[in-house]
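These notes are about the structure you will find just below.
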Amino acid sequence: MQIVILNDAATVAAYGANIFATQLQNKPTSVLGLATGSTPVALYQQLIAKNTAGEISFSHVTTFNLDEYLGLAGDHPQSYRYFMNEQLFSHIDINKENTFVPPGDAVNPITACKEYEDRITAAGGVDIQLLGIGRNGHIGFNEPSSGLCSRTRVKTLTKATVDDNARFFAGDEYQPHLSITMGIGTILEAKKVVLLATGENKADAVYAMVEGPLMAKCPASALQLHKDAVIVIDKAAASKLEDLEFYQHIEAENQKLQAQLATL
Ligand code: F6R
């Protein structure tokens with residue numbers, strides 16, 4: 001794991017956006033894995049700005065989102081499909097036919113999960129996967145106790161996740177308790193993963209992910225097994241890490257090395 005600790009949420013978003021921009025510049029046909037929630041919004045705004053400025057293009061890109069509420073069609077304002085259109089797809093030069101979100105209105109969700117996996121495989125696999133992390137350590141909607149090799153499937157949300165996401169739903173609005181999510185095994189197959197976390201309320205989950213044991217109780221700890229996982233966090237989210245100074249030292253050395261390599 002590469003642990004990058006930055007001052008604040010804005011710097012985290014900028015750092016993450018630069019990783020995605022570099023990916024698109026190096027491989028315009030990239031397959032991107034995308035996430036919803038509050039954390040990636042600022043990164044998406046940066047990508048929109050870079051696209052508008054002509055620095056990057058999404059015209060040959062394919063995207064796969066991590067998850068969707070089961071029971072919400074894509075035109076529902078709380079669906080993740082709707083979120084992605086609003087926060088990113090409608091503002092960039094992407095062909096929406098190449099954007100995939102698990103179908104929350106699938107007649108047969110079990111078949112739909114298998115089809116989603118097959119589609120990812122047919123696209124050549126995910127090149128770079130964006131992740132957030134839940135306060136309980138979930139990635140996608142892989143809640144604690146999820147199998148570390150799990151595939152795209154229907155998952156029941158924990159009360160903690162339902163409560164955390166209640167802020168997006170009006171008081172009397174139906175809030176799903178089920179989801180379709182890529183599995184942890186699916187996520188681990190992405191060639192690169194970039195997880196963003198900001199704020200003190202993520203500090204326990206970040207600690208468990210980085211310094212805790214590999215365990216189903218913290219699904220994000222499975223990223224310890226990934227060969228190219230970049231964890232980009234602000235100081236508040238990093239505040240419970242025991243080896244904080246070591247990670248900062250490694251990253252400073254890393255930056256020096258990158259600067260040296262750039263002069264070759
Ligand atoms: C959403 C997703 C979730 C969120 C997580 C953090 O697609 O994959 O795992 O990343 O719940 O959400 P925020 O960013 O709202 O704190």
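Would you mind telling me which residue in GLY171, GLY137, GLY104 has the biggest mean-square fluctuation in a Gaussian network model of the chain, where springs connect alpha carbons within a distance under 10 angstrom?
Among GLY171, GLY137, GLY104, the largest GNM mean-square fluctuation belongs to GLY171.
At q = 0.21, 0.30 Å⁻¹, what log₁₀ I(q)/I(0) does segment 188-238 have when each alpha carbon counts as one equal point scatterer in the Debye sum?
Scattering profile of segment 188-238, log10 relative to I(0): -0.71, -1.18.
Once you've got the GNM for the chain with C-alpha springs shorter than 10 Å, pick whichever of SER179, SER239, SER59 has the biggest mean-square fluctuation.
It is SER59.
Can you spot the lysines whose alpha carbon is less than 27 Å from LYS50's alpha carbon? Ignore those fewer than 8 places along the same chain.
LYS27, LYS96, LYS191, LYS192, LYS235, LYS256
Can you give the accessible area of LYS191 in Å² (nearest 10), computed on protein heavy atoms with a 1.4 Å probe?
The accessible area comes out at roughly 90 Å².
On the protein heavy atoms, probe 1.4 angstrom, tell me the percent of accessible surface of segment 45-127 carried by carbon and sulfur. Each step should come with its number before you reach the end.
Working: 1900 of 3890 Å².
With neighbouring chains kept in place, the figure for segment 45-127 is 49 percent.
Could you list which residues have their amide H under 5 Å from that of LEU157, counting only those 5 or more apart in sequence or on another chain, with H placed in the peptide plane?
Hits under the 5 Å cutoff: LEU178, SER179.
So for segment 174-264, taking the charge dipole from beta-carbon charges (+1 Lys/Arg, -1 Asp/Glu), which of ALA252, ALA237, LEU214 sits furthest toward the positive end?
LEU214
Please state the relative contact order of the chain as a whole percent: Cα pairs under 8 Å, 6+ residues apart? Show your work: numbers first, answer last.
On the way: 529 pairs, mean separation 66.1, N = 264.
Relative contact order, the chain: 25 percent.
Which whole-Hz ³J(HN,Hα) couplings does segment 8-16 yield from phi under the Karplus relation 6.51 cos²θ - 1.76 cosθ + 1.60, θ = phi - 60°, glycine and proline marked x?
Values, residue by residue: 8, 4, 5, 5, 4, 4, 5, 4, x Hz.
If we restrict to alpha carbons, what Rg and Dmax does the chain come to, in Å?
17.7, 61
From the protein chains alone at 1.4 Å, what is the descending order of accessible area for ARG81, ARG167, largest first?
Details: ARG81 45, ARG167 145 Å².
Ranked from most to least accessible, the order is ARG167, ARG81.
The values are calculated or read from the model by the stated rules, or taken from the named source; none is laboratory data. Please read all numbers here as calculations on a predicted model, not as lab measurements. Every residue, glycine as well, gets a Cβ built from its backbone with ideal geometry; the counts of neighbours run over all protein chains shown. With ligands, DNA and RNA removed, areas are computed over all heavy atoms of the protein, side chains included. Shrake-Rupley method; radii C 1.70, N 1.55, O 1.52, S 1.80 Å.
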